[in-house]
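The structure appears right after this line, and notes come after that.
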Amino acid sequence: MTCIRLLPLFPSIIILHVHFSTQLEDNKIPPSLCTGHPGIPGSPGVHGSPGQPGRDGRDGRDAAPGEKGQKGDRGESGETGVRGLTGDKGYAGEKGEKGQPGECAVAPKSAFSVKLSQSLTTALTVGDAVRFDTVLINEQGDYNSETGRFTCKVPGMYYFAVHATVYRASLQFDLMKNGHAVASYFQFYGNWPKPASLSGGSLLHLVPGDQVWIQMALSEYNGFYASTKTDSTFTGFLVYSDWKNSAVFA
């Protein structure tokens, strides 16, 4: 601080002294008397403690509902889950009402049995069909006594049997299917005084339209014989059908 130089006059000193004394008592120095330099800036103050949380603001007003958005793309299929455990067995249900009677089912049939009415009066040649002219059974009409041929109507497995009586002659014949021999039979005459027999059978698979008959193999061996005491017969019947659900509804 720089002080102002005092005047040499004494009275003035007293006046100034009184005046300065009054100012010093008030701890005030006029700026006109002393001029100081700016002080060094003080160090920053310590941060204050956090303030208390403020109150919740008021709820806003409800806005109008927005428009419905577009449907999103379908997501990919997830992996197949693990198969669950088998559930408990349920209770038995109530017994249902009795149904109406169904149609009567019958199995497909085909059977015949025929014989010679008498010994052949005319000699048979090779390729001739033996016509067994006396019908014992032929309910389905599958055997034709005029041609001596059986015609299949029901597909399946059939059994055919031939019993021939041979007397004072040799005999050879074939079991034919559609013109082809499927089995051959032969009996040689050995000067026997009494009739002999020649029998045979075969199992054949047939389809509708197939034909089966007995045919002479050698013209000189044609000893089919029949009388009141002995017969020559031809028999055939269906063993089982190839039709699915083989029963046929009548």
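The values are calculated or read from the model by the stated rules, or taken from the named source; none is laboratory data. What you see is a predicted model; the values in this text were computed from it and never measured. Quick note on the areas: whole protein, heavy atoms, side chains included, nothing else; ligands and nucleic acids left out. Shrake-Rupley method; radii C 1.70, N 1.55, O 1.52, S 1.80 Å.
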### Query
Is there a residue in region 190-198 that is of a type in the set (Phe, Trp, Tyr) and at pLDDT 90 or above?
no
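With the condition being open to solvent by less than 50 Å² (accessible area, probe 1.4 Å) and closer than 20 Å to Leu136 by Cα, I'd like the strands (runs of 3 or more DSSP E) fully within region 165-246 carrying at least 2 qualifying residues.
Details: elements: 180-187, 196-206, 211-216, 222-225, 233-241.
The strands (runs of 3 or more DSSP E) meeting that bar are 196-206, 211-216, 233-241.
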### Query
Can you name the residue in region 138-161 that is more than 50 Å from the chain's Cα centre (by Cα) and not acidic (Asp, Glu) and is also most open to solvent (accessible area, probe 1.4 Å) among such residues?
Thr147
